[in-house]
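Since the structure comes first, as structure tokens, the remarks are kept for the end.
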Amino acid sequence: MNKFSKTLLASSLFVSAGAHAAAFQLAEVSTSGLGTAYAGNAAVADNASVVANNPALMTQFKQAEMSAGGVLVQADVDINGTLAGTVNASHNNIIPKAVIPNLYFVTPINDRFAMGAGMNVNYGLKSRFSPDYSAGVYGGNTRLSAINFNLSGAYNLGYGLSVGAGLNAIYSDAEIVRHLGVGGKLLNSRLGAAAANPRVQAALAANPALATQLNSAAKTLAQMDNHTEVSRLRGDEWSLGWNAGIAYDINENNRIGAAYHSAVNVKFKGQYSNNFPTAFNALLPQLSVLGIQAPVTQATGGQEIPGNLTLHLPAYWEISTYHKMTDRLAMQFSYKRTEWEKFKSLDAYGNAGNTLFSKAENYNDTSRAALGVSYDVNEALTLRAGIAYDETASITSPSISIPDTDRTWYSVGATYRFTPNLSTDFGFAHLRGSHNTFTEGSAVFNVKSRANLYGLNLNYKF
């Protein structure tokens with residue numbers, strides 16, 4: 001079943017909560033990486049998670065290895081705001097707990113060639129507002145996951161140089177519920193204010209049918225509860241992408257790596273519905289003439305109508321270095337760039353090509369820089385620590401549906417080896433987002449965000 005809403009990605013899909021990377025991109029691809037704030041991702045070959053980071057590193061493995069686990073995200077995102085200057089639009093703890101899973105396998109085929117496969121989540125979000133939230137047209141219940149299934153190969157060219165590439169099949173699953181909040185009452189008051197305008201009064205006197213429509217709409221809006229559904233949907237879709245990487249061992253103690261992940265277009269098709277009575281459609285063109293924005297562009301009375309939208313998941317690239325300072329101490333660095341700037345707008349269309357929704361996003365490209373360190377206490381225990389700074393993508397058009405801010409990561413972690421073949425990774429990161437104040441529609445919001453991430457992975461060499 002593929003169900004799609006014009007507001008699926010237009011008004012509410014992108015909720016990153018400041019808990020991951022920029023916008024709705026996720027960084028949590030492994031637990032070992034979590035311990036160093038994901039510094040050195042494209043140059044460090046600690047375990048089979050290299051499948052998600054840089055496939056060229058698979059040539060570093062001398063035997064087959066598997067890694068499985070996940071990262072628990074415990075975010076604390078609070079929104080303080082007012083709607084229309086007087087209505088309280090604050091909401092606490094909009095992000096429920098969530099687990100981001102991962103599974104990887106790498107095996108050498110011969111001395112030069114290796115293959116790998118993996119599953120991880122590169123993009124995702126989860127948010128939950130009360131059904132009676134006053135600003136329900138801006139924020140509601142949203143869930144998105146883009147699960148990446150990867151098959152990769154790598155080849156050692158000699159002289160310390162390796163290359164790798166992979167094919168990605170992405171399964172995107174989304175669910176959304178949006179509510180009217182006080183939007184109906186505000187629209188009703190604006191209708192009243194418009195009707196008091198002498199110019200509008202003259203127009204109504206010349207058009208009694210329009211006057212009847214306005215009065216009927218005002219009565220309907222006055223009767224609508226905050227939890228009236230503006231949209232409801234659930235949808236899924238498969239898409240394809242690719243990735244490639246290169247790694248160069250400068251010497252036995254220093255390595256540099258670079259990786260690239262392609263952009264992916266997710267083409268949602270399905271049905272859109274809301275609980276506005278269809279009689280409301282006759283008034284929508286008149287509201288536009290009066291300069292009043294309605295909470296829907298087409299009322300369906302609970303019935304489903306076709307719609308489609310293409311979501312552009314951005315390309316990103318990363319360059320990393322790894323440096324073994326002593327027999328026990330190593331340092332790593334990463335710089336990551338995500339091409340959000342190509343994400344200009346979200347446009348939803350009906351089967352006839354009519355625009356159901358158009359919303360400017362005007363994202364900015366983002367940078368992420370991370371520095372990490374690891375220390376081998378003994379043959380059984382490795383300790384890690386890291387720090388990272390992550391930029392927001394939502395600068396021009398911020399929204400509570402995108403409570404995205406600049407954030408700083410503080411990470412620690414460890415690997416414990418029970419045997420030469422069996423080990424486990426532990427990781428913890430505390431993220432602090434900068435405060436963000438902005439205007440959206442008739443509301444003013446301030447977003448405060450922080451998060452704790454807890455990771456656990458099990459690694460086994462065959």
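Could you grab the pairs with beta carbons closer than 6 Å, sequence gap of 6+ or different chains, first residue in the stretch 179-194 and closer than 14 Å to Thr228 by Cα, second one open to solvent by less than 40 Å² (accessible area, probe 1.4 Å) and hydroxyl-bearing (Ser, Thr, Tyr)? Between residues of the stretch 179-194 that are closer than 14 Å to Thr228 by Cα and residues that are open to solvent by less than 40 Å² (accessible area, probe 1.4 Å) and hydroxyl-bearing (Ser, Thr, Tyr), the close pairs are Leu180/Thr228; Gly181/Tyr133; Gly181/Ser134; Val182/Ser134. Being within 22 Å of Ser345 (Cβ to Cβ), open to solvent by 30 Å² or more (accessible area, probe 1.4 Å) and in contact with a strand residue (DSSP E or B) (Cβ under 7 Å, 6 or more places away or on another chain) is a condition met by at least one residue of the stretch 382-392. Residues in the stretch 66-102 that are small (Gly, Ala, Ser) and farther than 30 Å from Ala443 by Cα: Ser67, Ala68, Gly69, Gly70. Residues that are under 26 Å from Ser449 (Cα atoms), surrounded by fewer than 24 Cβ atoms within 10 Å (Cβ to Cβ), of a type in the set (Ser, Thr, Tyr) and modelled with pLDDT under 85: does the stretch 6-25 have at least one? No, every residue in the stretch 6-25 fails to be under 26 Å from Ser449 (Cα atoms), surrounded by fewer than 24 Cβ atoms within 10 Å (Cβ to Cβ), of a type in the set (Ser, Thr, Tyr) and modelled with pLDDT under 85.
Sort out which residues of the stretch 440-462 are more than 21 Å from Met66 (Cβ to Cβ), of a type outside the set (Ser, Thr, Tyr) and open to solvent by 30 Å² or more (accessible area, probe 1.4 Å), and write them in order of number.
Residues of the stretch 440-462 that are more than 21 Å from Met66 (Cβ to Cβ), as a first pass: 440-454.
Going one step further and asking which of them are of a type outside the set (Ser, Thr, Tyr), we end up with 440-441, 443-448, 450-453.
Listed by number, the residues that qualify are Gly441, Val444, Asn446, Lys448, Arg450, Asn452.
Of the residues in the stretch 221-235, at least one is outside any loop (DSSP other than H, G, I, E, B), farther than 30 Å from Gly270 by Cα and of a type in the set (A, V, I, L, M). Checked against (1) free of Cβ contacts under 8 Å to residues at least 40 places away in the same chain; (2) touching a Lys or Arg at 6+ places or on another chain (Cβ under 9 Å); (3) farther than 30 Å from Asn459 by Cα; (4) open to solvent by 50 Å² or more (accessible area, probe 1.4 Å), His312 passes all but a single condition, namely (1).
Checked against (1) under 30 Å from Glu341 (Cβ atoms); (2) modelled with pLDDT under 80, Glu318 passes all but condition (2). Among the residues of the stretch 408-439, the ones that are surrounded by fewer than 19 Cβ atoms within 10 Å (Cβ to Cβ), of a type outside the set (Phe, Trp, Tyr) and assigned to a strand (DSSP E or B) come to 9 in all. Of the listed requirements (1) over 17 Å from the mean Cα position of the chain (by Cα); (2) more than 28 Å from Tyr248 (Cα to Cα); (3) in contact (Cβ under 8 Å) with a residue 12 or more places away in the chain; (4) not in a helix (DSSP H, G or I), Val266 misses just one: (1).
On the stretch given as the stretch 210-261, residues that are of a type in the set (Ser, Thr, Tyr), farther than 22 Å from Leu311 by Cα and open to solvent by 70 Å² or more (accessible area, probe 1.4 Å) total 2.
When Tyr335, Tyr272 are checked against the criterion of being open to solvent by 20 Å² or more (accessible area, probe 1.4 Å) and not basic (Lys, Arg), a single residue qualifies: Tyr335.
The values are calculated or read from the model by the stated rules, or taken from the named source; none is laboratory data. Since the structure is predicted, the reported quantities are computational estimates derived from the model, not experimental observations. Glycine also receives a Cβ, built like all others from the backbone with ideal geometry; neighbour counts cover every protein chain displayed. For accessibility, only protein heavy atoms count, side chains too; no ligands or nucleic acids. Shrake-Rupley method; radii C 1.70, N 1.55, O 1.52, S 1.80 Å.
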